[in-house]
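Okay, structure first, notes after.
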There are 2 protein chains.
Amino acid sequence: MEELTFTNQKIAIIGMGLLGTSLGMALRKRGFEVVCWARREETRLFALEHHAASGAAPTPQLAVKEADITIFCLPIPVIVNLLDELGGDFKPGSVVTDIGSVKGCIVAAGEAAVKRSRAHFVGSHPMAGTEKSGAEAAFPTLYEHAEVLVTPTENSDPAAVTTVVRLWKELGTSVRLMTPSAHDILVAHTSHVSHLLALGLTLSVLGVEGEALKKLRFSGCATGFKDTSRIASSSPAMWREIVEANQKSVLEAIAEFEACFGKIKELISEGRFDEFEALFAKGKALRDSWIEYKNKEHGCNW
Amino acid sequence: MEELTFTNQKIAIIGMGLLGTSLGMALRKRGFEVVCWARREETRLFALEHHAASGAAPTPQLAVKEADITIFCLPIPVIVNLLDELGGDFKPGSVVTDIGSVKGCIVAAGEAAVKRSRAHFVGSHPMAGTEKSGAEAAFPTLYEHAEVLVTPTENSDPAAVTTVVRLWKELGTSVRLMTPSAHDILVAHTSHVSHLLALGLTLSVLGVEGEALKKLRFSGCATGFKDTSRIASSSPAMWREIVEANQKSVLEAIAEFEACFGKIKELISEGRFDEFEALFAKGKALRDSWIEYKNKEHGCNW
C-alpha cells in the first residue's frame, strides 16, 4: 500500500484566475495531484496546458468529490455562493479552504456549508497578487515569500488547521494565524486603504478636464507616481467586492490614514517644516525597517 | 583646428549625489569631458573611480571657470546659495542649469546670479530618481526614458535653451518646455503629493503603538503596500526642501487629491458600491492608458 505522505493528497482548485492558476502551477511543481475547475472550458484547458493542473473537471461537484483538500480561488461573493451550493458534495473528512481577501463572510459561509459533508473549513488569505488578473498573468512563484493569514475559529478542527498551514508552508510562504475578524481589520489597514489611495491619486492626477492639461499631467508623472499608483490598475470588480465585504473596517482604516495625512497637511500649511522633516524621517525609518524585516524574516530580496 | 561638436563641450557638475553622479556616468559614457565638484574629497574620488567625471576640482569656482555647461545637482537651498556665491565666476557666454525639483526659486536666483558673468541660466528638472540617495546609489541609465522639464522664461537666451534641451536629449530623455511656475504646479500634482501620500500611509499603517500590533502590521503588509509606500523611504531633508519651496502648489494639489479621496470615501460609507466600482474602473482605465503612453511615447518597458 502506498504511504500516505502529504504530497499524496489530492487537491481541487475551484477557480483558475491569477491566484488559482499560479497556485496550481506551484502545487504541480511540488508533485501534488491537482484537479481544477473553471467555468469556461478554455480556462481549464489553459490550466492543463500550462501545468497548473493534472486534471480538469467539467463541474465543481466532480472536482471536489474526491479531493482531500479543496481551495476556492474565486471572487468573494462567488465563493460564498458556491460553498453553499456545494455544501453536501465535499469528500467526508476533507479540508476546504480559500484565498479570499476578506475572511469574516467567507468563513461563516464555509463553516456552515461544509458541515453537510462532514468536511472541515479553514479560511486562508495569501498576501500575494499583482495588479493584473486572469490565468494569463499567472506564474508559479507568485506565492513565494508571501505571508499567508490563516483564520481558524473556535469551531475549527485542529487537524484541518494543521493541514492548511502545512499546505501553505509547502509553497514557501510564512503563515500567521488569527481570527477572521482580526484578519479583516488588519488587511483594511495593510492592503485595502493602499488601493483606495492609489485610486484617489490616479483620479486626482490623471482624471483632469481638458486634453492639454491631461497631456501635461501624463507627461509629468514618473516612477514615483508609477509605483504609488500601481494597484489602481487592479480589477475594479474584485476591489468592489472586497471593500463591500469589509466596509466597516475599511472606513476605520481610512479614518486612521486621514488622521496621519491631516497632520502632514497641517505642518505644511502652517509652515512647520522642521516638524515636517522629523515626521518624514519617522516614516522613512518605519518603512526602511519594514523592508529589512521582509528581507530578513521572509527571505525577500527587496 | 578641432571641430566644435556638441560633445566637445566641457561640462561641470556641481554636487555628486545620486543625480549628479548618475549624470556624470551618463555623460562620460557619451564622451563628454566632465569636471565635478563635491564638498567632500572622498565623493570627488568616488566620481573619478566610478567614471562619473574625467576631472575633479577642489572648489566650485575652479570647476565652473572653464565649463561651457554647468549643471547644479544639489539640494534646492544649496543651489540657490551657491548660484549667488558663484555669480561672477562662470565662463562668459556659458550655459548654467540645474536638476532641482522646484523651479521658481532656483530660476529666479540663477538668472540674477549668472548675469554677473554674462552667462545664461535655464532651469531644468529631470523626472528621474529613486528613493535612495548618495553617490553609491548612482547608475548610468538613471535618466533613460525620463521626461525632463526645461523651464525657460522671457529672459532666457534662445541658444542657451537649445543647448540645455540638446544636452538632455543626448541622454535619451524626452524634453518638455514650460514656465517655472507651470512646472511647480505640475510637479506638486504628479510628484509631490505622491510622496506625502506614501508618507501618510506608512505612518498610519506602521506607526502604531504597541509592539504586538506593530509586529502584526509589519507582517500584514505585502507588495501592494511596498509599492504604494516606496517613496516614503526618500530623503526627509530633500523632501522638506521641496515642499518648503513649493508650499502653495503642494497645498493646492493636496486639496485636489482630498476631493477625489473624499468622493471614494463617501461612496463606501454610503454603500454606493456600483458607483464605487465605476469610479475604480475609471481610475484603472486612466492608469492603464498612462502606462501605455509611457511605453509608446517614452520607450519605457513597464
Practice item. Note the buried accessible area between B and A here, summed over both chains, with a 1.4 Å probe, in Å² to the nearest 100. Key: 8500 Å²
Check your understanding: How much length is gained on full extension from residue A:252 to residue A:273, taking 0.36 nm per residue of separation minus their Cα-Cα distance?
Key -> 4.7 nm
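Using 0.36 nm times the number of residues separating residue B:137 and residue B:41, minus their current alpha carbon distance, what extension gain do you get? Show your work: numbers first, answer last.
Values: separation 96, 0.36 × 96 = 34.56 nm, distance 1.78 nm.
Computed gain between residue B:137 and residue B:41 is 32.8 nm.
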Exercise for review: If a/c stays under 1.5 just call it rounded; otherwise compare a/b with b/c (prolate if a/b is bigger, oblate if not). Do that for region B:104-151, with a ≥ b ≥ c from the square roots of the Cα gyration tensor eigenvalues.
Suggested key: prolate
**Study point:** Per residue accessible area of the protein assembly as shown, 1.4 Å probe, in Å²
**Key:** 40 Å²
Check your understanding: Hey, how many Å between the Cα centroid of region B:34-95 and the Cα centroid of region B:141-208?
Key -> 21 Å
Review point. Hey, in the GNM for chain B with a 10 angstrom Cα cutoff, which one of B:271, B:55, B:134 fluctuates hardest?
Key: B:271
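Given a Förster distance of 22 Å, report the FRET efficiency between residue B:51 and residue A:302 from their Cβ-Cβ distance, rounded to the nearest 0.05. Display every interim value, and only then the final one.
Details: r = 28 Å, r/R0 = 1.26.
So the FRET efficiency works out to roughly 0.20.
Please state the relative contact order of chain B as a whole percent: Cα pairs under 8 Å, 6+ residues apart?
Computed over chain B, the figure is 14 percent.
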**Study point:** Residues of region B:265-283 buried by at least 10 Å² on assembly (accessible area, 1.4 Å probe, chain alone as reference)
**Key:** B:265, B:268, B:269, B:273, B:274, B:276, B:277, B:279, B:280, B:281, B:282, B:283
Review point. List the GluC sites (Glu not before Pro) in region B:218-281 that DSSP assigns to loop (not H, G, I, E or B) and whose Cβ has at most 13 other Cβ atoms within 10 Å. Which are they?
Key: B:270
Exercise for review: Could you tell me whether region B:182-302 comes out rounded, prolate or oblate from its Cα gyration tensor? Rule is a ≥ b ≥ c as square roots of the eigenvalues, rounded for a/c under 1.5, then prolate if a/b exceeds b/c, otherwise oblate.
Suggested key: rounded
**Study point:** Cleavage-rule hits, trypsin sites (Lys or Arg not before Pro), region A:1-53, DSSP coil, Cβ neighbours within 10 Å at most 10
**Key:** A:40
Check your understanding: So, with a 1.4 angstrom probe, what is the percent of accessible area on chain B that is carbon and sulfur?
Key -> 52 percent
**Study point:** Members of region B:141-186 that become less accessible by 30 Å² or more once partner protein chains are added (1.4 angstrom probe, chain alone as reference)
**Key:** B:176, B:186
Check your understanding: Using a Gaussian network for chain B with springs between C-alpha atoms less than 10 Å apart, which of these wobbles most: B:16, B:238, B:25?
Key -> B:238
**Study point:** Student exercise, the protein assembly as shown dipole from Lys, Arg, Asp, Glu Cβ charges, in Debye to nearest 20
**Key:** 520 debye
Practice item. For region A:163-228, state which chymotrypsin sites (Phe, Trp or Tyr not before Pro) are in a DSSP loop and have at most 10 other beta carbons lying within 10 Å of their beta carbon. Key: none
Point to revise | Rounded, prolate or oblate (a/c below 1.5 giving rounded, otherwise prolate when a/b exceeds b/c) for region B:1-126 by Cα gyration tensor | key: oblate
Review point. Quick one: Debye curve from the C-alpha atoms of chain B, no solvent, what's log10 I(q)/I(0) at q = 0.11, 0.13, 0.14 Å⁻¹?
Key: -0.73, -0.96, -1.08
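The values are calculated or read from the model by the stated rules, or taken from the named source; none is laboratory data. In this text the structure is predicted, and so the values were computed from the model without any measurement. Don't worry about glycine lacking a Cβ; one is built from the backbone with ideal geometry, like all the others, and counts go over all protein chains shown. These accessible areas exclude ligands, DNA and RNA; they are computed on the full protein's heavy atoms, side chains included. Shrake-Rupley method; radii C 1.70, N 1.55, O 1.52, S 1.80 Å.
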